[in-house]
Amino acid sequence: MSFLGLLAIALGVSADAFAVALGKGLHMSRFDLRHAVAIALTFGGFQALMPLVGWVLASQFARYITGVDHWIAFGLLLLIGLKMIWEAVRGGEDTDEDSDALPVRELLVLAVATSIDALAVGISFAFLDVAVGWAVLLIGVCTAVLSFVGVLLGRRVGRRFGGPAEIAGGVILILIGTRVLLQHTGVL
């Protein structure tokens, strides 16, 4: 597979992580470089790890993974999207300290949810002529960079638009999960 083909795949699987990072940036009361880097590295790491796992497991477990990956991604993104909307609608729940917290468990759940498609891509790599090491590196780097940019943009939008932007971020997560579900069930 060509570099441009791999780059297109890397950008495609990075899109969900970018959107989620944008939502995390929306939720920040102030920009925190450490949190932005943690989000970028976590999302990039999971996006790089999942295709590798998919590639390794493809021959033995492909039929089990591809049968439920879309439901897992949908459920996780739905729950987190609803949580974001709930917090925005309730308002006043977050103090400055709370809104700047970066819960590790939530970050890991988001990283897994946004990297489920990358797992499926890794499965397909097992059946294609792909230099897996380079593909994994490219996916991880693209995702990390786009996630960092997403946090930056989200923070700037959040400062101007606050609650409505956070609601939009939650809706985007739900829509991403729904898109994954509909694509994998053949509706789209």
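Listed by first and then second residue, the pairs with beta-carbon distance under 7 Å, at least 6 apart or on different chains, first residue in the range 1-17 and closer than 17 Å to Leu107 by Cα, second among the charged types (D, E, K, R), are Asp16/Asp117.
Against the criterion of being over 11 Å from the mean Cα position of the chain (by Cα) and either crowded, with 24+ Cβ neighbours inside 10 Å or modelled with pLDDT under 85 (or both), Arg34 does not qualify. Restricting Val89, Val53, Val68, Val109 to those that are loosely packed, with under 15 Cβ neighbours inside 10 Å and either basic (Lys, Arg) or modelled with pLDDT of 80 or more (or both) reduces the list to Val89.
The values are calculated or read from the model by the stated rules, or taken from the named source; none is laboratory data. Nothing here was measured: the structure is a model prediction, and the numbers come from that model. We place every Cβ from the backbone using ideal geometry, glycine too, and count neighbours over all the protein chains shown.
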